[in-house]
Amino acid sequence: MKQISFIHAADLHLDSPMVGLKHLPANILSKVRESTFGALERLTAAAIERNVDFVIIAGDLYDGEDRSLRAQSRFRNEMKKLLQHNIPVYVIHGNHDHLNGSWVHLDMPENVHVFGSELEMKILETKRGETIHLYGFSYLQRHVFDKRIDDYQKIDPADFHIGILHGNEGGSTDHDNYAPFSIKDLHDKQFDYWALGHIHKRTILSENPPIIYPGNTQGRNKKELGIKGCYHVTLNEIETKKEFVETSNVIWDEVSIDTAEAHNFQEIFQVCQLTIERLRKAGMGTLLTLNLKNVQLDHSQEQKLIDAELLELLLDYEIDEDSFVWIVDINIQNKQPLDRKLLMNEADFYTELFATIDEFQNLETAIAPLYEHQIGRRYLERLTVDEQKELMQKAEKLLIGLLYQ
């Protein structure tokens, strides 16, 4: 029976700057900044250990269109390891590392095959004699809104046909709608496997044929929670086996703690420490968003300690930890939150304030300077409708909290 084995990865975003984490201690910041390269090394090790026939990287190999020399050099070194084991690598470039970017070019080893801006088919014959046709294209510029799936056409004869596409499935609204397609579009092509990229959340759109987003190999912000990685795929004429391979060196996590039974600062501190120890993973760093719910202490002085010093004390224990759990955001919810109706009954001012908030329509204008900034526009993605609502709610909560003090 004819059978092939390969690694499917996407969205490595090598040398991602991890924006907003400059306040981290130097040793932890260094590990976070190295995490995309650590994920690449784990990917390479998995390919060698499993003796795969080839590796697919479905777009956004690099984080930016400038493709830093550091990122190119580290990638080249890992590809040389694969070359030593006769493992070819098939790469398409996506919206972040499109072909029209400006960079100093480093040549890659001969086992790295990069698709051009027009759809093309590359032929691979395995050591055992299976013939594989791989189809794909790289983004010529950052914004590709055309339905490029229409260009994919199956070319026989081959034992296996694999489509590689960096794009957005039509039902998803979390990412920019680049190279859009529908699941039916992919089914109609009658390929044996679709190796997708662009969506950072691991998603299986179809089992037969497999249509898969492996997600990114390393989370880069608090929206990209949990373990990240790639898939080891074994494909034959009857079935497809998929094994998720963990690659992330640092994970983002979020946890909520109900502190209703805690009556003093010491008890809250202890329950936070217990939670941190439960989340600690050997050999891996964790960047944590901590939500404390139902906080109500007996003494006002202890409440001030919660607001001002809890985070600092918790972080003191993590500075020298290799397997750190570093709190990047802490949210404290009092047991008796400020309620709109109660405030509106208290003063007409609040009635007018909430009416102004509800009628506010200029959020995009208000945050426009962030996207116009030289650095901001390179790394910030547009907010979804849900993210805009969440931002407004947080702004309202912060404003009311400050006013009520």
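Only one of (1) over 22 Å from Ala46 (Cβ atoms); (2) buried (at least 16 other Cβ atoms within 10 Å of the Cβ) fails for Ser248. Which number is that? Unmet for Ser248, out of (1) over 22 Å from Ala46 (Cβ atoms); (2) buried (at least 16 other Cβ atoms within 10 Å of the Cβ): (1). If the condition is being surrounded by 14 or more Cβ atoms within 10 Å (Cβ to Cβ) and either acidic (Asp, Glu) or more than 13 Å from Glu207 (Cα to Cα) (or both), then the range 227-242 contributes Ile227, Lys228, Gly229, Cys230, Tyr231, His232, Thr234, Asn236. What number of residues within the range 43-72 are among the small types (Gly, Ala, Ser) and at pLDDT 95 or above? Of the residues in the range 43-72, 4 are among the small types (Gly, Ala, Ser) and at pLDDT 95 or above.
Out of all the residues in the range 260-276, is one or more of a type in the set (Asp, Glu), under 26 Å from Asn221 (Cβ atoms) and in the same structural domain as Val328 (by TED's automatic domain parsing)? Scanning the range 260-276, I find no residue that is of a type in the set (Asp, Glu), under 26 Å from Asn221 (Cβ atoms) and in the same structural domain as Val328 (by TED's automatic domain parsing), so the answer is no. Annotation: of all residues in the range 189-220 being part of a loop (DSSP other than H, G, I, E, B) and among the small types (Gly, Ala, Ser), the one that is nearest to Gly136 (Cα to Cα) is Gly215.
Among the residues of the range 110-126, is there at least one that is more than 19 Å from Tyr193 (Cβ to Cβ) and in contact (Cβ under 8 Å) with a residue 40 or more places away in the chain? Checked the range 110-126: no residue is more than 19 Å from Tyr193 (Cβ to Cβ) and in contact (Cβ under 8 Å) with a residue 40 or more places away in the chain.
Quick one: count up the residues across the range 188-202 that are more than 23 Å from Glu246 (Cβ to Cβ) and in contact (Cβ under 8 Å) with a residue 24 or more places away in the chain.
Matching residues across the range 188-202 total 4.
Restricting to the range 313-339, what's the tally of residues that are farther than 22 Å from Arg220 by Cα and either among the hydrophobic types (A, V, I, L, M, F, W, C) or modelled with pLDDT of 90 or more (or both)? Within the range 313-339, residues that are farther than 22 Å from Arg220 by Cα and either among the hydrophobic types (A, V, I, L, M, F, W, C) or modelled with pLDDT of 90 or more (or both) number 5.
When the range 55-114 is filtered for residues that are of a type in the set (S, T, N, Q), closer than 23 Å to Gln141 by Cβ and over 22 Å from the mean Cα position of the chain (by Cα), the ones remaining, listed by number, are Asn100, Ser102. The set of residues in the range 15-39 being crowded, with 24+ Cβ neighbours inside 10 Å and of a type outside the set (Gly, Ala, Ser) consists of Thr36 alone.
Listed by first and then second residue, the pairs linking a residue in the range 9-34 that is in contact (Cβ under 8 Å) with a residue 24 or more places away in the chain and under 30 Å from Glu243 (Cβ atoms) to a residue that is among the aromatic types (Phe, Trp, Tyr) and not in a helix (DSSP H, G or I), with Cβ atoms under 6 Å apart and 6 or more places separating them unless they lie on different chains, are Leu14/Tyr62.
The values are calculated or read from the model by the stated rules, or taken from the named source; none is laboratory data. In this text, all values refer to a predicted model and were calculated from it rather than measured experimentally. All Cβ positions, glycine included, derive from the backbone under ideal geometry; neighbour counts span all protein chains shown.
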